[in-house]
1. Just wondering, is there one or more residues in the range B:118-141 that are in a helix (DSSP H, G or I) and under 30 Å from residue B:205 (Cβ atoms)?
2. Please indicate, with yes or no, whether at least one residue in the range B:174-187 is facing chain A (nearest Cβ under 7 Å) and within 17 Å of residue B:29 (Cβ to Cβ).
3. So, residue A:112, is that one within 13 Å of another protein chain (Cβ to nearest Cβ), without any contact (Cβ under 8 Å) to a residue 24 or more places away in the chain and either surrounded by fewer than 19 Cβ atoms within 10 Å (Cβ to Cβ) or within 22 Å of residue B:166 (Cβ to Cβ) (or both) or not?
4. Within the group B:131, B:161, which residue is under 19 Å from residue A:67 (Cβ atoms), in contact with a helix residue (DSSP H, G or I) (Cβ under 9 Å, 6 or more places away or on another chain) and more than 8 Å from chain A (Cβ to nearest Cβ)?
5. Applying the selection to the range A:76-107, what residues are within 9 Å of chain B (Cβ to nearest Cβ) and in contact with a helix residue (DSSP H, G or I) (Cβ under 6 Å, 6 or more places away or on another chain)?
6. In the range B:4-13, is there at least one residue being in a helix (DSSP H, G or I) and at pLDDT 90 or above?
7. Among residues belonging to the range B:44-61 that are free of Cβ contacts under 8 Å to residues at least 12 places away in the same chain and touching a helix residue (DSSP H, G or I) at 6+ places or on another chain (Cβ under 8 Å), point out the one that is nearest to residue A:192 (Cα to Cα).
8. Quick one: in the range A:43-70, which of the residues that are in contact (Cβ under 8 Å) with a residue 60 or more places away in the chain and surrounded by fewer than 22 Cβ atoms within 10 Å (Cβ to Cβ) is farthest from the other protein chains (Cβ to nearest Cβ)?
């Protein structure tokens, strides 16, 4: 039954490469999150305050991002755009796919956050002499940030996990690199086991950092 | 003139049938894993709730692993691990096993939240009316807690349905894999991906809208 010999040496030998690829994973996830937060904020504000074609565009974006598989979205940026003669590099495919997805999910979180702040607060701050910009940046945003802090952390974790789909569009981040090595040495189980551990550590580091940051940010 | 052989042929109506069959396979694997996973997840949720620190030290970290490692890595890992312990599983069975455990790990925290949503006085009242522990769970906690977390459960179920696309990495021909096969033959990525995306969307969007409306209705 147990006549399989584990060979960990090739994995250990390529561990530096895997760790480097893990940095690439983190990089693309962080970039996608930054873009996703900015776009998600815009989408949420559009959905709350605007009418017409912009609203339609934002709603379509959000619903498409939330109701189709992330892998489908990646394929769409990877192969679908090829129909229009647009061929992106694997890095761009993953970055755009992740950004599209994160922006859609975050937009809904932001919308919920904005809706949780009662209108009366804006009116109160306006009547205290603040202009709309001041009311938003000083009264609304800090409160919304508290509400969406936890969802943002979760989304960051999802972004890291989702970036593993890059493997299927030829992106050599942590998963892609693992598959590359695994198919060269046929030590598939060993390689993917180590990669699973690396992902686990990354996720725990993100959650730990976020918790640490939260105690600093939300002391009051 | 040399006869030329074309490897590509356009999208034909019978390809829709092929996609339809694949869509059924997507639904089949999703329904199977979601239903078994939900039952398991509810049991785990109960264990997490009742087990206190013992469960926090044993069950919780194990379930946490399945949420912290990308699903695609889990699938590849398990598919290559099964033969090591003498199990010869086809892609479908491996997919079901991993998707089920994945669902269970997500449902566990939802179910636990559901049990926590029923506050202690209610349960004490049930017990003092002469209900046994199991009666209390069945007739008090299940209807009230289940209602509180039903929208969250729908979210998990839809997530798993979308994530079932990842089983394609093992070679199981579900919807996304089928569209990939068709793309290779017809070279019409945009059209075919749109059809596949439309199917996922048509399945996911109404259900998520329905869950959201239920949540609003129950919140009143």
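1. Going residue by residue through the range B:118-141, those that are in a helix (DSSP H, G or I) are B:120-128, B:133-141.
Among the residues that remain, those that are also under 30 Å from residue B:205 (Cβ atoms) are: none.
No, every residue in the range B:118-141 fails to be in a helix (DSSP H, G or I) and under 30 Å from residue B:205 (Cβ atoms).
2. Residues of the range B:174-187 facing chain A (nearest Cβ under 7 Å): B:176, B:183.
Still in the list and also within 17 Å of residue B:29 (Cβ to Cβ): B:176.
Yes, the range B:174-187 contains a residue that is facing chain A (nearest Cβ under 7 Å) and within 17 Å of residue B:29 (Cβ to Cβ).
3. Working: within 13 Å of another protein chain (Cβ to nearest Cβ): yes; without any contact (Cβ under 8 Å) to a residue 24 or more places away in the chain: no; either surrounded by fewer than 19 Cβ atoms within 10 Å (Cβ to Cβ) or within 22 Å of residue B:166 (Cβ to Cβ) (or both): yes.
The answer is no for residue A:112.
4. Numbers: B:131 fails: under 19 Å from residue A:67 (Cβ atoms).
None of the other options fit; the residue is B:161.
5. Step one: of the range A:76-107, the residues within 9 Å of chain B (Cβ to nearest Cβ) are A:76, A:78-84.
Passing the criteria: A:76, A:78, A:79, A:80, A:82, A:83.
6. The answer is no; no qualifying residue exists.
7. Taking the range B:44-61 first, the residues free of Cβ contacts under 8 Å to residues at least 12 places away in the same chain are B:50-58, B:61.
Among the residues that remain, those that are also touching a helix residue (DSSP H, G or I) at 6+ places or on another chain (Cβ under 8 Å) are: B:51, B:55-56, B:58.
Numbers: B:51: 32, B:55: 28, B:56: 27, B:58: 24 Å.
Ranking the candidates gives B:58 first.
8. Pass one, the range A:43-70, residues in contact (Cβ under 8 Å) with a residue 60 or more places away in the chain: A:43-45, A:47-48, A:70.
Of the ones still in play, those that are also surrounded by fewer than 22 Cβ atoms within 10 Å (Cβ to Cβ) are A:45, A:47-48.
On the way: A:45: 20, A:47: 14, A:48: 16 Å.
Once the filter is applied, the top-ranked residue is A:45.
The values are calculated or read from the model by the stated rules, or taken from the named source; none is laboratory data. Fair warning: this is a prediction, and the values are worked out from it, not measured in the lab. Glycine also receives a Cβ, built like all others from the backbone with ideal geometry; neighbour counts cover every protein chain displayed.
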